[in-house]
Amino acid sequence: MEATKAKAETGRTISSKSIKAFGTPAADTPLGQLNVQRRKPTTHDVEIEILYCGVCHSDLHTARNEWHGTIYPCVPGHEIVGKITSVGNAVSKFKVGDVGAVGCLVDSCRHCQYCSEGLEQYCEAGQVQTYNSLDPYLGTATYGGYSESIVVHEDFVLRVPENLDLAATAPLLCAGITTYSPLKHWKVGPDKKVGVVGLGGLGHMGVKLAKAMGAEVIVFTTSPSKFNDAKRLGADDVVLSSDQEQMARYTGKLHFILDAVSAQHDINMYLNLLRVDGSLTLVGAPEHPLPVAPFSLIPMRRSFAGSMIGGLPETQEMLDFCGKHNIVSDIEMIDIKQINEAYDRLLKGDVKYRFVIDMASLKK
Ligand code: NAP
Ligand code: ZN
Ligand code: ZN
């Protein structure tokens with residue numbers, strides 16, 4: 001392993017080593033094996049050997065530069081579960097041999113108002129995301145979980161409840177928290193009728209979590225083949241969104257809608273399903289704007305909102321909630337070499353319901 005040194009933003013000299021990863025040098029190039037630098041653990045860092053990494057549609061949007069601003073080479077992956085292999089001198093939360101999990105954030109300013117409220121995802125100085133941010137230690141991009149190991153400040157490492165399967169827990173680190181946070185914020189619970197739009201990685205976690213919170217859950221899907229699964233996952237009803245008669249059953253009936261669709265779609269037909277004061281929250285992030293008709297909102301005092309992942313305290317709360325309710329993701333395990341094929345299947349909505357990479361396959 002080649003070792004190099006760089007100056008961190010703090011002026012300290014940071015040692016790093018080269019590790020194996022899977023990523024892409026350009027938007028139109030398939031992912032393949034490459035090497036990136038990881039810092040050696042500093043005082044408060046833990047080093048994690050990555051066992052499993054979930055495949056989020058955001059990985060695909062970023063690798064292909066659909067949101068613009070991708071820094072290449074890009075190593076995606078922000079649903080990370082692994083084993084801690086070394087810890088810095090001052091680490092108190094973890095020891096070697098523990099399981100640790102990392103989601104979408106690896107650092108933030110720690111002192112702005114949002115950070116002090118545990119809303120690091122909205123850090124005023126700009127959070128450091130697990131991949132495609134500027135790494136304050138090495139001055140390169142941050143590189144994500146499609147890699148053999150990662151080094152993270154202990155404050156940004158989560159604990160996994162002991163009763164949960166590790167591979168099926170990985171998707172909780174993004175798909176889980178991204179759906180849990182808005183469901184909590186908009187007070188989803190008993191006596192609430194909740195719509196979940198798009199039964200993919202995020203959507204299927206939204207169904208499980210909203211159900212565990214006590215809501216009545218209706219899934220809106222473009223895929224007739226997902227009807228039985230939606231019910232098995234806990235939905236009380238399933239609607240084929242292309243069928244106007246089925247859609248009309250819910251006009252003006254829903255308290256809250258979680259929209260987890262990754263591609264262009266008509267937002268107005270879902271806004272029209274909300275009751276007075278109902279909210280539709282976007283977590284899905286298609287590349288292009290979604291036009292909203294004023295009269296989808298005005299006559300019923302409806303709200304159209306967005307929500308981004310979740311902060312560290314809420315991510316731990318979500319993991320503990322999942323531990324208590326025995327909730328994990330439905331996964332299809334893949335080898336790292338199948339990642340390009342998995343991306344193609346994501347684009348077809350052909351995932352049941354999250355690909356998880358067995359990272360041992362990177363060593364083969
Ligand atoms: P995914 O697994 O690919 O699921 C997306 C689902 O959207 C599909 O399974 C499909 O469900 C539906 N869909 C796809 N194409 C569609 C179309 N043309 N029209 C209508 N529906 C369509 O993706 P994911 O990983 O869950 O991510 C979903 C979105 O959330 C992505 O844009 C991702 O970047 C974003 N995201 C946002 C955050 C955040 O913090 N806000 C965090 C993570 C991910 P049906 O077959 O049921 O229709
Ligand atoms: Zn994600
Ligand atoms: Zn901050």
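What follows draws every value from the coordinates through simple rules; no lab data is involved. Since the structure is predicted, the reported quantities are computational estimates derived from the model, not experimental observations. Every residue, glycine as well, gets a Cβ built from its backbone with ideal geometry; the counts of neighbours run over all protein chains shown.
Quick notes
- Any hit, the range 176-186, residues being among the small types (G, A, S) and within 29 Å of C74 (Cβ to Cβ): yes
- Only a single criterion out of (1) crowded, with 21+ Cβ neighbours inside 10 Å; (2) of a type outside the set (S, T, Y); (3) away from ligand 1 (no atom under 16 Å from the Cβ) is not satisfied by V197, namely (3).
- Looking only at the range 92-122, and only at residues there that are buried (at least 20 other Cβ atoms within 10 Å of the Cβ) and assigned to a loop (DSSP other than H, G, I, E, B), the one that is farthest from ligand 1 (Cβ to nearest atom): S108
- Count - residues of the range 106-121 that are more than 9 Å from ligand 3 (Cβ to nearest atom) and within 14 Å of V152 (Cβ to Cβ): 2
- The single residue among T251, T221 that is polar (S, T, N, Q) and buried (at least 23 other Cβ atoms within 10 Å of the Cβ) turns out to be T221.
- Long-range neighbours under 9 Å by Cβ, at least six apart or interchain, first residue farther than 12 Å from V160 by Cα within the range 95-112, second among the basic types (K, R): V96/K83; G97/K83
- Among the candidates D107, D45, D59, residue that is within 17 Å of the chain's Cα centre (by Cα) and farther than 27 Å from E332 by Cα: D107
Here's the yes/no breakdown for (1) under 21 Å from the mean Cα position of the chain (by Cα); (2) more than 18 Å from M205 (Cα to Cα); (3) assigned to a loop (DSSP other than H, G, I, E, B):
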| site | (1), (2), (3) |
| --- | --- |
| F227 | no, no, no |
| F256 | yes, no, no |
| Y270 | no, yes, no |
| R275 | no, yes, no |
| L290 | no, yes, yes |
| I298 | no, yes, no |
| P313 | yes, yes, no |
| Q316 | yes, no, no |
| G323 | yes, no, no |
